[in-house]
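To start, the structure itself, in C-alpha cells.
Taken together, the values in this text are just the output of simple stated rules run on the coordinates, not laboratory data. Quick caveat, the model's predicted, so the values are computed rather than measured. Cβ placement follows ideal geometry from the backbone for every residue including glycine, while neighbour counts extend to all protein chains displayed.
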Amino acid sequence: MNDLFNTSESKYKGQSTLELALVLPIFLTLMLGVFEIAFLFFYNVSVANASREAARYAASSGCPSSTACIPTDMHYYQDCTGIKNRAISKAPGIGLQAADIVISYDHGPDNNGVISPIADVCSATTPTLVTGDRVVITVTKQFTLIVPIPGLKNFPIVSKTYRTYLGQVN
C-alpha cells in the first residue's frame with residue numbers, strides 16, 4: 001500500500017516528455033492549419049480588393065492627365081497601364097503582376113440576358129465607351145500553400161468586378 005502513494009521522482013521520470021511527444025504533433029498541425037487558412041483569407045481579400053479598386057479607377061469620369069477632358073485625351077478606362085497599376089498597388093504582399101489582371105469591356109446584359117463584349121481591349125484603338133457600358137476587371141492569383149500537403153494542390157483565387165461607366169459627369 002505504501003508503494004501506491006509513493007510519488008518519488010524516479011518512478012515518473014519521462015512522463016512529461018512522453019506527453020509532449022504525443023501532444024506536440026497535434027498542436028503543430030492545428031497551428032499550421034490556422035496559418036494556412038489565415039493566409040488563404042488574406043489572398044482572397046487582396047485579390048477582391050485589387051479587382052474592385054481597378055474597376056473603380058477604370059469607371060471614373062474624366063482623364064488621368066488633366067482636369068477637363070478634350071476629345072483627344074485618354075480617359076481612365078483607356079489607361080490600361082494605370083488600371084493594372086491601381087490593382088497591383090491595392091494588393092500588397094501577394095506578388096500580383098500585370099499578367100494576372102485582365103481588362104475587358106461590354107455593353108451589359110440585354111433584355112434576354114445576353115452580354116455582348118466590346119472588341120479591341122487595351123490596344124491603340126481602345127473603343128470609346130458610352131454611358132451604360134461596363135468595365136470588367138478580372139484578377140487571378142495562384143494560391144500556393146505555405147507547407148505542401150499531400151493531396152492538396154495549389155489553386156487560383158479569382159475575382160471579377162463589373163463597373164458601369166457613366167460618361168462625363170458635370
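Here is how the numbers come out for the structure above:
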| read-out | value |
| --- | --- |
| Mean separation of Cα contacts under 8 Å (6+ apart) over length of region 15-164, as relative contact order % | 24 percent |
| Cut-off under 5 Å, modelled amide H: who pairs with PHE143 long-range | PHE155, ILE157 |
| ILE26 paired with PHE143, simple spin-label distance in nm, labels 7 Å along Cα-to-beta-carbon | 2.7 nm |
| Set of lysines with alpha-carbon distance to LYS141 below 23 Å, sequence-local pairs under 8 removed | LYS84, LYS90, LYS153, LYS160 |
| Using θ = phi - 60° and Karplus 6.51 cos²θ - 1.76 cosθ + 1.60, couplings along region 14-25 (whole Hz; Gly, Pro as x) | x, 5, 5, 5, 5, 4, 4, 5, 7, 8, 4, x |
| Point-charge dipole on Cβ atoms (K/R +1, D/E -1) for region 15-164, about Cα centre, debye to 20 | 120 debye |
| Formal net charge of residues neighbouring ASP100 (Cβ-Cβ distance under 10 Å; K, R +1; D, E -1) | +2 |
